[in-house]
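Before any comments, here is the structure.
The values are calculated or read from the model by the stated rules, or taken from the named source; none is laboratory data. Here the structure is a predicted model, which means the values were calculated and not measured. Cβ placement follows ideal geometry from the backbone for every residue including glycine, while neighbour counts extend to all protein chains displayed.
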Amino acid sequence: MKIDVLVAEIGSTTTVVNAFNGIGTQSPVFAGQGQAPTSVLEGDVTVGLKGAIDSLRESLKADELTWDDMLATSSAAGGLKMTVHGLVYDMTVRAAKEAALGAGGIIKMITSGKMRRTDLKKIQEIQPNIILVAGGVDYGERETALHNMEMILSMGLKIPIIYAGNIENQEEVRLMCEEAENQLYIVENVYPKIDTLIVEPTRKIIQDAFEEHIIHAPGMSKVRELVKGPIIPTPGAVMEAAKVLKEEMGDLVIFDVGGATTDVHSVTSGSEEINSILISPEPDAKRTVEGDLGVYVNANHVVEKIGMDNLLKEFSDAEEILANYKPIPVTEREKQFVERLTKEAVLTSLERHAGHLRYFYTASGKKAAAEGKDLTAIKYIIGTGGALTRLPSKMEILEKIKHHGKEHELYPTEAAKVLIDEDYIFSSLGVLSKSYREDALRLMKKSLRIGE
């Protein structure tokens, strides 16, 4: 059987392959899916990739499979581990963090101000894939970023460095890295002037650097030979899908509830009313990662958030369910229990992602100020990930977002429409959009069941 495009999602535990046909036509289709355990520990991820392709072939009942193109996302070998180093936490550090998260980075360490020897020790323990250095508005403070660059290079780790700070430092930073024979990427300042964030150029260079260096993971050089298009970090692929869909449909937020984390991706400029009272700038495309809000690996953290006493009022057999907890619920009772955890993960991640209003009094009376991401202009609330695409009450869980606030929060309103990535393919479509944008957009709409 001939397949137009295969997209491989090479995860830390599972490799999934999605097949798409009709690429380049008005009606591209999601043809099928295969999966197999990822084989990082065997020293060659292509073993797991071939297993997933065999699984796909069996599901399609085909004697053999051929394809015209293969694309990939990867979070194998720990994903895109990053450390971020800037000047002032609420300014350049936050801007650099937004860029890294939006690109799909897993941030293992953040420092503000001049680094110390203890910081270097932590970096050596983390062994990040990429180090991001920022600091100083353009033509402003210079010394902190240069000091941090010197400290990082003194370790001799040969980890690729991205510099996204004060433009005045670029030539000196370039010379320092040339002398140290260290790979350097220079990009536009993420915080060029007060109250201005420019994160997209840094996001792009992070993904380029990831693709260039991911081939050093076990077996990834073989994958690079198979894949014609880009290889991007899996979390970053969902953001790519979100940005493409926003251009077509309008402001949106995507909740991705998984076994280990809950990711929230919002693409919106917010309302004019809130922007006029916003204390500090927010990126149009924002991603937050809640590492304690998974419904399998981190289920105990979610239970703790709810409170076992409260959970026992709803589920008298909660302790028994947890003692026999499965990655995929089977019985109706197990599904109801996971739905309760998923609701908690969604609402808590919303609280952490969205901003709020603050009121204060001045000589001229009561004034309002806004902090954080404004979601009030959101038109669509979208669910993806294992929990929000497979659980029976997925729509009801996301509907609760519209009734969760207490007036001061900048949450989506009653006007927002809830949609589900029914085929659970948004991550694959994010990377597909890099090479086949219109096809990816049509497939997203099909998965959201728009126009049915």
Note to self: Looking at the structure I just gave you, is V297 over 30 Å from A440 (Cα atoms), aliphatic (A, V, I, L, M) and either under 20 Å from the mean Cα position of the chain (by Cα) or at pLDDT 95 or above (or both)?
What the structure shows: yes
Item checked: Given (1) surrounded by fewer than 23 Cβ atoms within 10 Å (Cβ to Cβ); (2) at negative phi; (3) without any contact (Cβ under 8 Å) to a residue 40 or more places away in the chain, index of the condition G156 fails -> (2)
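Can you tell me which residues in segment 309-329 are of a type in the set (S, T, N, Q) and either in contact with a Phe, Trp or Tyr (Cβ under 8 Å, 6 or more places away or on another chain) or part of a helix (DSSP H, G or I) (or both)?
Result: N310, single match.
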Next item on the list: Using the structure shown, decide if G32 is on the phi > 0 side of the Ramachandran plot and touching a Pro at 6+ places or on another chain (Cβ under 6 Å).
Entry: no
Next item on the list: Name every residue in segment 52-74 that is in a helix (DSSP H, G or I) and buried (at least 18 other Cβ atoms within 10 Å of the Cβ), in order of residue number.
Entry: A52, I53, S55, L56, R57
Next item on the list: Go through (1) closer than 25 Å to V244 by Cβ; (2) free of Cβ contacts under 8 Å to residues at least 60 places away in the same chain one by one and return the number of the condition V190 breaks.
Entry: (2)
Notebook entry, point to check: Looking at segment 3-26, which of its residues are among the small types (G, A, S), surrounded by fewer than 24 Cβ atoms within 10 Å (Cβ to Cβ) and modelled with pLDDT under 95?
Noted result: G11, S12, G24
Item checked: Residues satisfying the stated conditions in segment 77-92, i.e. surrounded by 24 or more Cβ atoms within 10 Å (Cβ to Cβ) and assigned to a helix (DSSP H, G or I) -> T92
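Suppose we filter V238, V253 for residues that are under 19 Å from K343 (Cα atoms), within 16 Å of the chain's Cα centre (by Cα) and surrounded by 20 or more Cβ atoms within 10 Å (Cβ to Cβ); which single one remains?
Result: V253 is the single residue among V238, V253 that is under 19 Å from K343 (Cα atoms), within 16 Å of the chain's Cα centre (by Cα) and surrounded by 20 or more Cβ atoms within 10 Å (Cβ to Cβ).
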Checklist line | Flag if Q33 is in a loop (DSSP other than H, G, I, E, B), in contact (Cβ under 8 Å) with a residue 24 or more places away in the chain and closer than 21 Å to S433 by Cβ | finding: no
Checklist line | Extreme residue, modelled with the lowest pLDDT, among residues of segment 30-42 that are buried (at least 16 other Cβ atoms within 10 Å of the Cβ) and not polar (S, T, N, Q) | finding: V40
Note to self: Is it the case, given these coordinates, that K434 is at pLDDT below 95 and surrounded by fewer than 22 Cβ atoms within 10 Å (Cβ to Cβ)?
What the structure shows: yes
Next item on the list: Scan segment 93-108 for residues that are at pLDDT below 85 and assigned to a helix (DSSP H, G or I) and report the count.
Entry: 1
Check: Could we say that E320 is over 17 Å from L391 (Cβ atoms) and crowded, with 16+ Cβ neighbours inside 10 Å here?
Finding: no
Notebook entry, point to check: Residues I162, I232, I126, I205: which one is surrounded by fewer than 19 Cβ atoms within 10 Å (Cβ to Cβ), out of contact with any Pro (no Cβ under 9 Å at 6 or more places or on another chain) and of a type in the set (V, I, T)?
Noted result: I126
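State yes or no: is L226 more than 18 Å from E409 (Cα to Cα) and modelled with pLDDT of 95 or more?
Taking the combined requirement at face value, the residue does not satisfy it.
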